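*Asks:* Quick one: the structure is below, questions incoming.
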């Protein structure tokens, strides 16, 4: 397996492949990691993934909580998105610079027995019947690498994407962005929220450790003073505030694009190689981390021979619609942020006030910010009984307290296994059903664990929609692959065949 690009997506993917005992080489064209990168926010869904890998403590120690996003315009607060109502066990974003995220994931890769081969640039790919022959330039010398599969995590100018002729659909974002890190002298507000200002000069303040801010803005001109631009907006709300100890000021251009395909035979795309979006919502890096979590277990099953290569088609089927939705949402924010007509700005502000005053809308906004609104119900590899509370393709809730037979109380998601599917039998099954389900779990390379929960708190049963006996197959990425409320073993056999074959 060859992974191209050692950003957060490539690092997580290579680490997960190594952890699943899939030999993997990770190459990166840069001679060393970046000392600074502008991405800042780790969203709750990404924190859930990191918890399942045993990394959450390292991230919590390195970052600072962002518990809400407070939206302002023309001198007033329009409303706030409170992440405590998102439904995650992590009711906050985590503020930390991307190079810190990369450092933690690099350490994790080393712990799995992997490493980054630096100064190694992909210059060509030749797919063949058994995989891919990759041409790699290492410090000026050419090398050839045989790989069964290649995953391009190599960003906007992806050599992987270009080598197999996959295009990008979308557009450049016309208005430039800028960023710098600073301390806000005279700041009187809390330090645990993102502050968004839809003023004439739009500004977004995201907290970093050490009571620092990463300041994103739309500069007034190509040569304007970035600090003065941002300060002119902030002083409208806090006249005594100023930015001091400024570091890393720079301008940048963004794009809203999605690759036309995420797979071409033995070559796949993930992260920024497959999709690009506005930085306004902080979804770019996080969407890439979700790509890695979705793809790693599928590649491992194919490598082990437990599934056909057709299973990998489900990666594009599941992840490309998410990338398209993120790009559309970013375009909406871009349009809202750059309005100049006074009447249009007033209409926008009233719409934001109304949306954030409604509890249902606030919950929707919190779930979207946390990336908990991802749904794979249209995936070709989920099946079973639909239920309004928890259907195939939905994420297993994180805040359900249960007590398995012979064990102490815990959260339901803590019983699932990242290496493979977990079969969870809920309700009051017969002894024969318990025995048969456990036998199938132990006899298949697909299933890693079996859990029986005979009694559920009524509130938990209501959240899950459990009214009798339900069998769940929880995928390694935490999503429900199968829900069976009846004919459990027959449904399980169908699901096993679905994953093995990669299609119905």
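The values are calculated or read from the model by the stated rules, or taken from the named source; none is laboratory data. In this text, all values refer to a predicted model and were calculated from it rather than measured experimentally. Cβ: placed from backbone, ideal geometry, glycine included. Neighbour counts: every protein chain shown.
*Asks:* With the requirement that a residue be assigned to a loop (DSSP other than H, G, I, E, B) and within 20 Å of residue 311 (Cβ to Cβ), what does the range 444-497 give you?
*Replies:* 444, 445, 446, 475, 476, 477, 478 - these are the residues of the range 444-497 that are assigned to a loop (DSSP other than H, G, I, E, B) and within 20 Å of residue 311 (Cβ to Cβ).
Okay, residues lined up against (1) in a helix (DSSP H, G or I); (2) closer than 21 Å to residue 259 by Cβ:
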| position | (1), (2) |
| --- | --- |
| 327 | yes, yes |
| 339 | no, no |
| 348 | yes, no |
| 360 | yes, no |
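*Asks:* Next up: Can we say residue 318 is out of contact with any strand residue (DSSP E or B) (no Cβ under 7 Å at 6 or more places or on another chain) and either closer than 22 Å to residue 126 by Cα or in contact (Cβ under 8 Å) with a residue 40 or more places away in the chain (or both)?
*Replies:* It is true that residue 318 is out of contact with any strand residue (DSSP E or B) (no Cβ under 7 Å at 6 or more places or on another chain) and either closer than 22 Å to residue 126 by Cα or in contact (Cβ under 8 Å) with a residue 40 or more places away in the chain (or both).
*Asks:* When the residues of the range 49-78 are narrowed to those that are part of a strand (DSSP E or B) and surrounded by fewer than 20 Cβ atoms within 10 Å (Cβ to Cβ), which ends up farthest from the chain's Cα centre (by Cα)?
*Replies:* Among residues in the range 49-78 that are part of a strand (DSSP E or B) and surrounded by fewer than 20 Cβ atoms within 10 Å (Cβ to Cβ), the one farthest from the chain's Cα centre (by Cα) is 76.
*Asks:* Could you check, for the range 366-373, whether at least one of its residues is crowded, with 17+ Cβ neighbours inside 10 Å and free of Cβ contacts under 8 Å to residues at least 24 places away in the same chain?
*Replies:* yes
*Asks:* Being within 16 Å of residue 416 (Cα to Cα) and touching a residue at least 40 places away in the same chain (Cβ under 8 Å) is the filter here, so list the residues in the range 445-463 that pass it.
*Replies:* Across the range 445-463, the qualifying residues are 445, 446, 451, 452, 453.
*Asks:* Please list, ordered by first then second residue, the pairs with beta carbon atoms under 9 Å, 6 or more apart or interchain, first in the range 259-277 and at negative phi, second at pLDDT below 95 and in a loop (DSSP other than H, G, I, E, B).
*Replies:* From residues that are at negative phi, the pairs are 266/130.
*Asks:* Mind telling me which of the residues 295, 268 ends up being buried (at least 22 other Cβ atoms within 10 Å of the Cβ), part of a helix (DSSP H, G or I), under 19 Å from the mean Cα position of the chain (by Cα) and assigned by TED's automatic domain parsing to the domain that holds residue 26?
*Replies:* 295
*Asks:* For the list (1) in the same structural domain as residue 30 (by TED's automatic domain parsing); (2) over 25 Å from residue 316 (Cβ atoms); (3) in contact (Cβ under 8 Å) with a residue 60 or more places away in the chain, I need the number of the one condition that residue 163 fails.
*Replies:* Residue 163 satisfies all of (1) in the same structural domain as residue 30 (by TED's automatic domain parsing); (2) over 25 Å from residue 316 (Cβ atoms); (3) in contact (Cβ under 8 Å) with a residue 60 or more places away in the chain except (2).
*Asks:* Does residue 404 fit the bill of being outside any helix (DSSP H, G or I), over 18 Å from residue 482 (Cα atoms) and in contact with a strand residue (DSSP E or B) (Cβ under 6 Å, 6 or more places away or on another chain)?
*Replies:* yes
*Asks:* Output the residues belonging to the range 379-413 that are over 22 Å from the mean Cα position of the chain (by Cα), more than 18 Å from residue 488 (Cα to Cα) and surrounded by fewer than 16 Cβ atoms within 10 Å (Cβ to Cβ).
*Replies:* Once the filter is applied, which keeps residues that are over 22 Å from the mean Cα position of the chain (by Cα), more than 18 Å from residue 488 (Cα to Cα) and surrounded by fewer than 16 Cβ atoms within 10 Å (Cβ to Cβ), the range 379-413 yields 388, 389, 401, 403, 405, 406, 407, 408, 409, 410.
*Asks:* Restricting attention to the range 414-436, report how many residues are touching a residue at least 60 places away in the same chain (Cβ under 8 Å) and either over 18 Å from residue 447 (Cβ atoms) or under 21 Å from the mean Cα position of the chain (by Cα) (or both).
*Replies:* 5
*Asks:* Here's a follow-up. Are any residues in the range 138-160 touching a residue at least 24 places away in the same chain (Cβ under 8 Å) and within 30 Å of residue 250 (Cα to Cα), and if so, which ones? Before you say what the answer is, go through the steps one by one.
*Replies:* Initial filter on the range 138-160 (touching a residue at least 24 places away in the same chain (Cβ under 8 Å)): 145, 147-156, 158-160.
The answer is 152, 153, 154, 155, 156, 158, 159, 160.
*Asks:* Taking the range 20-48 only, how many residues are assigned to a helix (DSSP H, G or I) and either surrounded by fewer than 22 Cβ atoms within 10 Å (Cβ to Cβ) or at positive phi (or both)?
*Replies:* 0
*Asks:* Here is a follow-up. Among (1) surrounded by 20 or more Cβ atoms within 10 Å (Cβ to Cβ); (2) part of a helix (DSSP H, G or I); (3) touching a helix residue (DSSP H, G or I) at 6+ places or on another chain (Cβ under 8 Å), where does residue 433 come up short?
*Replies:* (1)
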